[in-house]
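Let me begin by presenting the structure, written as structure tokens, before commenting on it.
The values are calculated or read from the model by the stated rules, or taken from the named source; none is laboratory data. Keep in mind the model is a prediction, meaning the values are calculated, not measured. Virtual Cβ from ideal backbone geometry, glycine too; neighbours counted across all protein chains shown.
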Amino acid sequence: MKREMSENRFFRKFICGLSKEDTAKLCFKSVSTISKWDRGNPIPPECKRLMRIHRGYEIASIDNQWQGWRFNKGNLVNDQGISLSPQQILTGYALLEIGSEQDRRAQREIIKIARILRRVTRRNMDIG
């Protein structure tokens, strides 16, 4: 018996990359509810939005300043492909909050060293 794939199942599984269990957890629903969506029952708009945000498709809808940004594997990625973990974001924020001139010099040095390390790491990955 051939089972036809509904638009909802395609959206959940292939567009958003979510399992039934992950979708249920994300949307605060039961797995049986997700199965009903997969068979064609309508997905509530708020759940569809959560699924798109989870996939990283709708971060720009929060504010236009986020245009080009997305989430990928728990990290925030900008339009240039730079991936930031939550810890990196908090560290950057802490450095900005400190704000003294001496700290700003240290911040510039840290950023310079981080860029050098990133280049060296990329070169090593290309060689290896």
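So here's what we get for this one:
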| read-out | value |
| --- | --- |
| Count of residues meeting criterion [surrounded by 15 or more Cβ atoms within 10 Å (Cβ to Cβ) and either assigned to a loop (DSSP other than H, G, I, E, B) or without any contact (Cβ under 8 Å) to a residue 24 or more places away in the chain (or both)] in region 50-70 | 8 |
| Residue count for region 82-128, restricted to those that are at pLDDT below 85 and not in a helix (DSSP H, G or I) | 3 |
| Residues of region 20-40 classified as surrounded by 13 or more Cβ atoms within 10 Å (Cβ to Cβ) and among the hydroxyl-bearing types (Ser, Thr, Tyr), total | 3 |
